[in-house]
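Everything on this sheet refers to the single structure shown next.
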Amino acid sequence: MNDILPATDLYRAELLQFERDVGGSAPVWVQQLRQAAMARFTEMGFPTTQEEAWRHTSVASLSERPFPLARHRCAIPKTELEPVTSWMGAGCRLVFVNGLFSPLLSSLLPLPHGMSAGSLAGALGGESGLLESHLGRYARIENHPFVSLNTAFLSDGAIVCIPPDTVIEEPLNVLFVSRPNGRATMSHPRTVIVAGPNSRATIVESYLGLPEDLYLTNAVTEVVLAENAVLDHYVLQQESSAAFHFLTLAVHQDRHSTFTSHSLATGGALARSEIHCELADEGITCILRGVGAVAGRQHLDMQTQIDHAKTHGTSQQLYKGILGGHASGVFNGKILVRQDAQKTDARQTNNNLLLSEDAVIHTKPQLEIFADDVKCAHGATVGRLDEEAVFYLRSRGIGVETARSLMTYAFGSETINLVTNEVIRDRLAELLAQWIAQTCGRSFSL
């Protein structure tokens, strides 16, 4: 008798145990949302390379092995996190270990009147009217198996609510740390960010793991921007080199709001990030920028979709890929301009640098336009380091490894230099320089 369960059955068994653990503590609408999500995941199963959106990213190795849910908080001394949190300063910090909120590691400073930032589990245990209005509304379960899986195990994560006419001067940090402790486990953190009319804030999401730890992080973040709201959002993905990492970021923007996303991804054996931005009204600005740097046999997949629904919308995308060793990468970017989105200005650029003969990138920028009065452009490049430029640097007394490191940094830092927050910009630059030093074998001074 074959005792190997199909992947969906393995996760369904985990969900049954999860439901027994949490009981009926969640509101009825959350329980119904979980059940609908697992039913949808069971119908879809894991995606295959036969599907166009997953053509170059196989998750077969993930679907063939069980990842039990991380059910308990793992104690981490504050001193252990200091090397990766010291740059954050004394601002508000929410820390989650294996997807569960850690009050001892968090720093909940006094917040502006009416603002809330804390644990999603805590919010679900109280008055959850605001959450019911937004949770699961933008990251939809219908066509995305990893969103369905995250929603089925919906338990904890971060919630940040910024009241109208409020400006948050210091960045708010949300840190997700995975610590499987010798057993490959999974976590499904959920983040909800609601920015009220005329508000302004900066939020940094970070994902960390110890080198060579095996685990699955399947995160979903939902962002809602009301009229005239401005949000700078950062993602720092530094997972273990053996980990699986999936992040779906769903953004809903109202009239004249501005959303800017900056990402840096260097971790994960297999990592995929998706950004879906819905520009639902007039005069909206959406800016997406990112750098992905991988080596060895890592695989990094970056997907973006910007949906222009109304007039006078502006979107800009600039993504850089740096690949060494036998690494592989994917960039699929789609701009959709609907019939009512006249006067749209949308631009998309994806540039990739291959550091070895064995590195591979698949890039496909796309435009789908149903309006006639628009300005839209897209393009992609794939290349290697300019050997003439390397020779020029060497002729000035710079060693070959240092020359290659400097040129690689110059290529990747174009997006980082556009970051307006000096502290965050310096941190991104430092992380990119560290990766280049490890990959190219030579450090250099910024």
(Q) Quick check on the chain: helices-only [θ] at 222 nm, where DSSP H runs of length 4 and up contribute -39,500 (n - 2.57) each and the sum goes over total residues. Nearest 500, please. (A) -7500 deg cm²/dmol
Q: With the full set of protein chains in place, find how many percent of the accessible area of region 5-281 is carbon and sulfur; take the probe as 1.4 Å.
A: 52
**Q.** Surface share of carbon and sulfur [accessible, 1.4 angstrom probe, percent] for region 386-446
**A.** 49
Q | Relative contact order of the chain, defined on C-alpha pairs under 8 angstrom at six or more residues apart (%) | A | 9
Q: Just list whichever of K343/K364; K320/K375; K320/K364; K310/K334 have alpha carbons separated by over 21 Å in the model shown.
A: K343/K364; K320/K375
Q.
Counting pairwise Cα distances across region 249-309, what percent come out greater than 19 angstrom?
A. 38
Q. Which whole-angstrom value gives the distance between the alpha carbon centres of region 83-138 and region 278-309?
A. 24
**Q.** Alpha-carbon Rg/Rh ratio, for region 386-446, with Rh computed the Kirkwood way
**A.** 1.02
Q: Loop sites only, by DSSP: take the trypsin sites (Lys or Arg not before Pro) in the chain that have at most 13 other C-beta atoms within 10 Å and name the longest stretch containing none of them.
A: 1-136
**Q.** Rounded to 5, percent antiparallel among DSSP beta bridges of the chain
**A.** 5
Q | Globularity ratio of the chain, using Cα Rg and 2.2 N^0.38 Å | A | 0.96
Q. Counting only protein heavy atoms, what percent of the accessible surface of region 297-348 is carbon or sulfur at a 1.4 Å probe?
A. 42
Q. Taking Cα centroids, how far is region 344-363 from region 231-248 in Å?
A. 19
Q) What ranking of D340, D307 comes out by heavy-atom accessible area, probe 1.4 Å, highest first? A) D340, D307
**Q.** Residue-normalised accessible area of the chain, expressed per residue, 1.4 Å probe, Å²
**A.** 42
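The values are calculated or read from the model by the stated rules, or taken from the named source; none is laboratory data. Nothing here was measured: the structure is a model prediction, and the numbers come from that model. Virtual Cβ from ideal backbone geometry, glycine too; neighbours counted across all protein chains shown. Keep in mind that these areas ignore ligands, DNA and RNA; they rest on the heavy atoms of the full protein, side chains included. Shrake-Rupley method; radii C 1.70, N 1.55, O 1.52, S 1.80 Å.
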